[in-house]
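Read the figures in this text as sums done on the coordinates, not as results from a lab. What you see is a predicted model, and the numbers here were worked out from it, not measured in a lab. Cβ: placed from backbone, ideal geometry, glycine included. Neighbour counts: every protein chain shown.
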Amino acid sequence: MGEYSVTSYNISIWLWCSDPTLGLFTNHATGVSIGRFSFSSPSNTDPPLPPPPSKIYIPDFSHGVAGFPIGWGGGVNQSDAPLWLSVLEEYGGEGSSFGAKVAYTSNLLVYNSTLSISA
């Protein structure tokens, strides 16, 4: 959040292969978890998770999903495919809440682009 009197606890980073605003809550989303990370702060002096990475590498989706049994999550070749890099941030601040407050943001990326852009 980066605001006065707000403490960030954990973030979850996802790389979606389908628009999360359309499929996330209808069981039709596809993607991969990059991981869950913590920030150190005055009120979170011993974070339970590793810090966020300084770089994120997009997996090669033509090889399938790592960790799935053979035959499940098989790979597909794509060019110019839209991807959504999303971050869910758990935070706290002034006032009470039942559970952590959550902020969500997402940016559109192009995977395996074959397009050339001229200025």
Taking H as built 1.01 Å from N, whose amide H comes closer than 5 Å to the amide H of L49, not counting residues under 5 places away?
S38
DSSP loop chymotrypsin sites (Phe, Trp or Tyr not before Pro) in segment 13-64 with at most 14 other Cβ atoms within 10 Å of their Cβ, which ones?
F25, Y57
Residues whose built amide H sits under 5 Å from the amide H of N10, excluding neighbours closer than 5 in sequence, are E90
Residues meeting the amide H criterion for K101 (H placed from the backbone, H to H distance under 5 Å, 5 or more places apart or on another chain) are Y91
